[in-house]
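Novice: One structure coming up, written as structure tokens, with questions to follow.
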Amino acid sequence: MATSEAKQQATAWLKSTTVGFLGCGNLAQAMIRGFVQSELVPAENFIVSATSESSQNFKICQDIGAHCTTSNAEVAKAAIVFIAVKPHLVRSVLAECEFAADALLISVAAGVKLEVLTEVARTKKMVRTMPSTASRVQQGVTVFAYEKGQLTAVEQAGVELLMDSLGFSRYVPESLIEPVSSVSGSGIAFMYMGIEAMADGGVKAGIPRALAYELAAQTMKGAAAMVQETGQHPGALKDAVCSPGGSTIAGVHALEKSGYRASLMDAVEATFTRVKQLG
């Protein structure tokens, strides 16, 4: 945990420094929007690379207020550089970049380990992180790891501030990056599917679709808040809704018969297996 003094220095640093993004896909866009909305980094401080000036991602990042380019080498001149390209492109993209000696690199490439990143980028100032796309609305889940002793106190504080601005964040050992990203990074897609399915059920029961989506989304948001704020086990909270012989326990029974829990566990396991293959 960074000291208050280090955080003050890091706050001033982030407001005045250039932040680059190698790649500007959905996750990069979500993070940039989150940083800008938090007022941690001004939009004009960002420089972002895309494959083509005519690409939709290029135009979206321009609309956010970032400076956009097709040159990765230009982005590499920034003081902080996020590596936000697809995992299979990391080696080739980093190989063409010459980073400043004191540049801080932060990778969001799934499955690519610190050892590989530092070797290819030729720097020890490297952070691995795995955010979620909910970073766009500052409700993301982000875990990050770096080799102790390689970052200054102000750089560590800067990383904490950046990740905290996107929602929930935690420093974890690198060995937990893949398992955690399987739950939170990919898991948000599973939650979207749950909202969609619940809303479809509501439509089948006669609820207008727009209202059904609102109900399903708020229900999931409320359930998450109950788990976080009460500290109770999810099973206990579920039991509190299930009256003997009632409608909720009938619905829970239907979910159990369909393998609801096992399906979610299988999804996390499949994601974990795949992310390990990406590096």
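Novice: Rounded to a whole number, what % of the accessible area of the chain do carbon and sulfur atoms account for, probe 1.4 Å? Working shown, then result.
Specialist: Numbers: 8350 of 14860 Å².
Reported share for carbon and sulfur atoms: 56 percent.
Novice: I would also like to ask the following. Working only with C-alpha atoms, what are the Rg and Dmax values of the chain, expressed in angstrom?
Specialist: Rg then Dmax for the chain, in Å: 20.9, 67.
Novice: Now a separate question. Would you mind working out the magnitude of the charge dipole of the chain relative to its Cα centre, with +1 at each Lys and Arg C-beta and -1 at each Asp and Glu C-beta, to the nearest 20 Debye? Each step should come with its number before you reach the end.
Specialist: Numbers: 23 positive and 25 negative charges, 70 e Å.
That gives the chain a dipole magnitude of about 340 debye.
Novice: So what's the net charge close to Ala76: Lys and Arg +1, Asp and Glu -1, counting the other residues with Cβ under 10 Å from its Cβ? Write out the running numbers ahead of the final one.
Specialist: Numbers: positive: Lys77; negative: Glu74, Glu96, Glu98.
The answer is -2.
Novice: Near Thr123, within a Cβ-to-Cβ distance under 13 Å, what is the net charge of the other residues, with Lys and Arg +1 and Asp and Glu -1?
Specialist: Details: positive: Arg122, Lys124, Lys125; negative: Glu98, Asp102, Glu115, Glu119, Glu147, Glu155.
Every neighbour counted, the sum reads -3.
Novice: Moving on. Rounded to the nearest whole Å², what accessible area per residue is found for the stretch 1-109 with the 1.4 Å probe? Let's see the in-between values first.
Specialist: Values: 5040 Å² over 109 residues.
With the other protein chains kept in place, the stretch 1-109 gives 46 Å² per residue.
Novice: Search the structure for amide H atoms under 5 Å from the amide H of Phe21, placed 1.01 Å from N in the peptide plane, and list their residues when 5 or more places away or on another chain.
Specialist: Sorted by chain and number, the residues that satisfy this are Ile47, Val48, Ser49, Phe82.
Novice: What is the calculated FRET efficiency for Glu174 to Ala254, with r their C-beta to C-beta distance and R₀ = 35 Å, to the nearest 0.05?
Specialist: On the way: r = 41 Å, r/R0 = 1.16.
Plugging the Cβ-Cβ distance into 1/(1 + (r/R0)^6) gives 0.30.
Novice: At q = 0.10, 0.14, 0.20 Å⁻¹, work out log10 I(q)/I(0) for the stretch 160-256 with the Debye formula, treating every Cα as an identical point scatterer and leaving solvent out; two decimals please.
Specialist: Each listed q corresponds, in turn, to -0.39, -0.74, -1.22.
Novice: Same structure, new question: Of Ala6, Phe82, Ser16, which is farthest towards the positive pole of the stretch 1-84's charge dipole, taken about the Cα centre with +1 and -1 on the beta-carbons of Lys, Arg and Asp, Glu respectively?
Specialist: Value computed over the given set: Ala6.
Novice: Determine the sum of side-chain charges near Ala95: Lys and Arg each +1, Asp and Glu each -1, restricted to other residues whose C-beta is under 12 angstrom from that of Ala95.
Specialist: Details: positive: Arg91, Arg122; negative: Glu96, Glu98, Glu119.
Local charge sum for Ala95: -1.
Novice: Report the antiparallel proportion of the DSSP beta bridges in the chain as a percent, rounded to a multiple of 5. Display every interim value, and only then the final one.
Specialist: Details: 4 of 27 bridges.
Percent antiparallel among DSSP bridges in the chain is about 15.
Novice: In debye, nearest 20: dipole of the stretch 137-192 around its Cα centre with unit charges on the Cβ of K, R (+) and D, E (-)? Walk me through the numbers on the way to the answer.
Specialist: Numbers: 2 positive and 6 negative charges, 26 e Å.
Using only the charged Cβ atoms, the result is roughly 120 debye.
Novice: Under 8 Å for C-alpha pairs, at least 6 residues apart: give me the relative contact order for the stretch 79-137, rounded to a whole percent.
Specialist: Taking the mean separation of contacting Cα pairs over the length of the stretch 79-137, I get 36 percent.
Novice: Ok, one more. Give the cross-link partners of Lys113 among the lysines, using a straight C-alpha distance below 20 Å as the criterion and excluding same-chain residues fewer than 8 apart.
Specialist: Lys86, Lys124, Lys125, Lys148, Lys276
Novice: With a ≥ b ≥ c the root eigenvalues of the C-alpha gyration tensor of the stretch 68-132, is it rounded (a/c under 1.5), prolate (a/b larger than b/c) or oblate?
Specialist: Details: a/c = 1.40, a/b = 1.20, b/c = 1.17.
Rounded.
Novice: Need the list of lysines near Lys221 for cross-linking: C-alpha distance under 20 angstrom, and skip anything on the same chain fewer than eight residues off.
Specialist: Candidates past the 8-residue exclusion: Lys238.
Novice: Work from the charge dipole of the stretch 231-279 (Cβ charges, +1 for Lys and Arg, -1 for Asp and Glu, about the Cα centre) and give the residue of Val275, Ala240, Gly259 farthest towards its positive end.
Specialist: The residue sitting most towards the positive pole is Val275.
Novice: How high is the relative contact order of the chain? Use alpha-carbon pairs under 8 Å, at least six apart in sequence, and give a whole percent.
Specialist: 17
The values are calculated or read from the model by the stated rules, or taken from the named source; none is laboratory data. Worth saying up front: this structure is predicted, and the values here are computed from it rather than measured. Positions of Cβ are backbone-derived with ideal geometry, glycine not excepted, and every protein chain shown enters the neighbour counts. Accessible surface is based on the protein model in full, side chains and every heavy atom, while ligands, DNA and RNA are left aside. Shrake-Rupley method; radii C 1.70, N 1.55, O 1.52, S 1.80 Å.
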